[in-house]
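Just so you know, all these numbers are worked out from the coordinates, no wet-lab data involved. As the structure is a prediction and not an experimental result, all values here were calculated from the model.
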Amino acid sequence: MPIKSYLAHPHENQKETLVAELSSLANCEVIPAENKDVLILVTDTKDKTEEANLKDQLDTIKSLKLLAMVSGFNSPKN
């Protein structure tokens, strides 16, 4: 299951809108910074297909200025 973390930067004055939009997506956890206009986004998807669908959804969010992955890994199946 791919788990990835990102720094999400909103367009100017759209931080709260971005929090709401990202929070509405399945498989996403959003943590807003308290002193900056940046969010931490953690995604947890079950497979590459679900990950691709989530990426497509993220690409449509207009309040999102920049999304930078800071970490990603795929847990091996045992």
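Cross-link partners of residue 77 among aspartates and glutamates, defined as those whose alpha carbon lies under 18 angstrom from its own and excluding same-chain residues fewer than eight positions apart: 44, 47, 50, 51.
In summary, the lysines within cross-link reach of residue 15, defined as a Cα separation below 29 angstrom excluding same-chain residues under 8 places away, comprise 4, 36, 46, 48, 55, 62, 65. With the helix formula -39500 (n - 2.57) applied to DSSP H stretches of n ≥ 4, the chain reaches a computed 222 nm mean residue ellipticity of -8000 deg cm²/dmol.
Taking every alpha-carbon pair in the chain and binning the separations at 10 Å intervals from zero gives 19, 54, 22, 5, 0 percent. Helix 48-59: angle to the longest alpha-carbon principal axis of the chain, degrees 0 to 90, nearest 10? In the chain, helix 48-59 runs at an angle near 10 degrees to the longest axis. Normalised by the number of residues in the chain, the average gap of Cα pairs under 8 Å and 6 or more apart makes the relative contact order 51 percent.
At 20 °C and a viscosity of 1.002 mPa s, what translational diffusion coefficient does Stokes-Einstein give for region 26-70, taking Rh as the Kirkwood radius over Cα pairs? Give it in µm²/s as a whole number.
183
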